[in-house]
Amino acid sequence: MSIKIYGDPGSGSLRRVTSASAAMGVPIERVNIDLFKGESHTPEFLELNPHGLSPVMVDGDFVLYESSAINLYLAEKAGSDLAGATTRERYEILQWMFWSGEQWRVFATLTFDEVLAKRFVGLPADETIVQLAFAKIRAAAAVLDAHLADRQFIVGDRLTLADLDIAGPFSQNERTKIPLNEFPNLVAWQQRLLKTAPAWAATKQEVDARIDGALDAAGIKL
Ligand SMILES: N[C@@H](CCC(=O)N[C@@H](CS)C(=O)NCC(=O)O)C(=O)O
């Protein structure tokens with residue numbers, strides 16, 4: 001039985017799962033939902049994730065949400081070293097994944113909701129929220145930039161789930177204008193991921209086509 005992944009092709013969270021599964025060689029069956037039509041809030045979808053958020057994985061009778069948890073599950077199933085080859089490496093990867101969820105991606109998502117999602121319902125961005133999110137992103141990015149000064153990847157010398165988790169905000173930054181380009185090591189690392197992880201590059205095209213298409217269809221200029 002195939003592993004189903006529900007999500008919208010424009011979602012940076014889905015992108016973390018589709019690129020990780022491709023990088024690990026885990027076959028998945030994609031089930032498209034349209035977030036612009038509220039399809040993560042239907043009664044059927046809320047049975048899978050009562051938070052109304054995607055992606056969601058369904059493997060037989062096992063339902064799992066949160067992209068990082070899904071990626072760790074897929075890595076264990078595949079015996080992949082993207083979740084770490086040693087105990088120490090595994091915990092370093094987990095450290096960065098937890099940090100990414102609590103201190104990093106959350107502010108990118110907040111910015112996306114303010115400057116992009118609100119436009120679809122005709123509301124302006126709240127500048128106070130955007131500036132708070134930018135300040136948090138700059139503070140975190142400065143530490144990341146220093147961490148990446150003498151490293152090619154977040155942990156060790158190869159791609160891991162930590163890279164994919166922390167790269168998430170690069171899925172929308174050209175549209176949300178979060179200030180990532182102020183940090184040269186961060187930008188160089190992102191370019192490296194696009195060059196060395198084909199799945200990360202392919203999914204960028206998918207996200208861009210979906211979101212830019214939705215913006216065009218709604219006549220929204222950012
Ligand atoms: N922490 C969650 C974030 C999930 C999330 O924010 N998903 C967004 C798409 S990127 C969503 O489904 N939004 C639908 C909504 O807010 O109604 C994860 O990593 O899976």
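At-a-glance table
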item	result
I33 long-range amide H proximity, modeled H, under 5 Å	G7, D8
Using distinct alpha-carbon pairs, which all enter the 1/r mean, Kirkwood radius of the chain in Å	17.9
Accessible carbon and sulfur surface of the range 3-82 relative to its total accessible area, %, 1.4 Å	53
Relative counts (whole %) of C-alpha pair distances in the range 92-135, using bins that are 5 Å wide	6, 23, 23, 17, 13, 9, 5, 3, 0
Set of lysines near K177 by C-alpha distance (under 17 Å), chain-local residues within fewer than 8 positions excluded	K118, K136, K204, K221
Rounded to the nearest 10 Å², the accessible area of V121 at probe 1.4 Å	110
Estimated [θ] at 222 nm from DSSP helical runs (n ≥ 4, -39500 (n - 2.57)) normalised by residues in the chain, nearest 500	-16000 deg cm²/dmol
DSSP bridge orientation in the chain - percent antiparallel, rounded to nearest 5	60
For the range 91-107, 3J(HN,Hα) per residue [Karplus equation, 6.51 cos²θ - 1.76 cosθ + 1.60, θ = phi - 60°, Hz, x = Gly/Pro]	6, 5, 5, 4, 3, 5, 5, 5, 4, 4, x, 8, 10, 10, 5, 4, 7
Student exercise, the chain dipole from Lys, Arg, Asp, Glu Cβ charges, in Debye to nearest 20	460
Student exercise, the range 31-151 dipole from Lys, Arg, Asp, Glu Cβ charges, in Debye to nearest 20	360
Sulfur and carbon atoms: percent of accessible area, the range 83-217 [1.4 Å]	57
Integer Hz, Karplus 6.51/-1.76/1.60 couplings in order for the range 143-157, x for Gly and Pro	5, 4, 4, 5, 4, 8, 4, 10, 10, 8, 9, 5, 10, x, 10
Unit charges at the beta carbon, dipole of the range 1-77: most positive-side option, A22, F36, I70	A22
Computed E for E127/L222 - FRET, C-beta separation, R0 22 angstrom, nearest 0.05	0.90
Per residue accessible area of the range 3-82, 1.4 Å probe, in Å²	46
Potential lengthening between F36 and A139 on full extension [0.36 nm per residue; Cα-Cα distance subtracted]	33.9 nm
Added length on full extension, which subtracts the Cα-Cα distance from 0.36 nm per residue, R119 to Q191	23.0 nm
Average accessible surface area per residue within the range 83-217, 1.4 Å rolling probe, Å²	49
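The values are calculated or read from the model by the stated rules, or taken from the named source; none is laboratory data. It should be emphasised that the depicted structure is a prediction, and the values quoted were computed from it without experimental measurement. Please note: Cβ atoms are built from the backbone with ideal geometry, for glycine as well, and neighbour counts cover all protein chains shown. The area values use the complete protein model at the heavy-atom level, side chains included, leaving out ligands, DNA and RNA. Shrake-Rupley method; radii C 1.70, N 1.55, O 1.52, S 1.80 Å.
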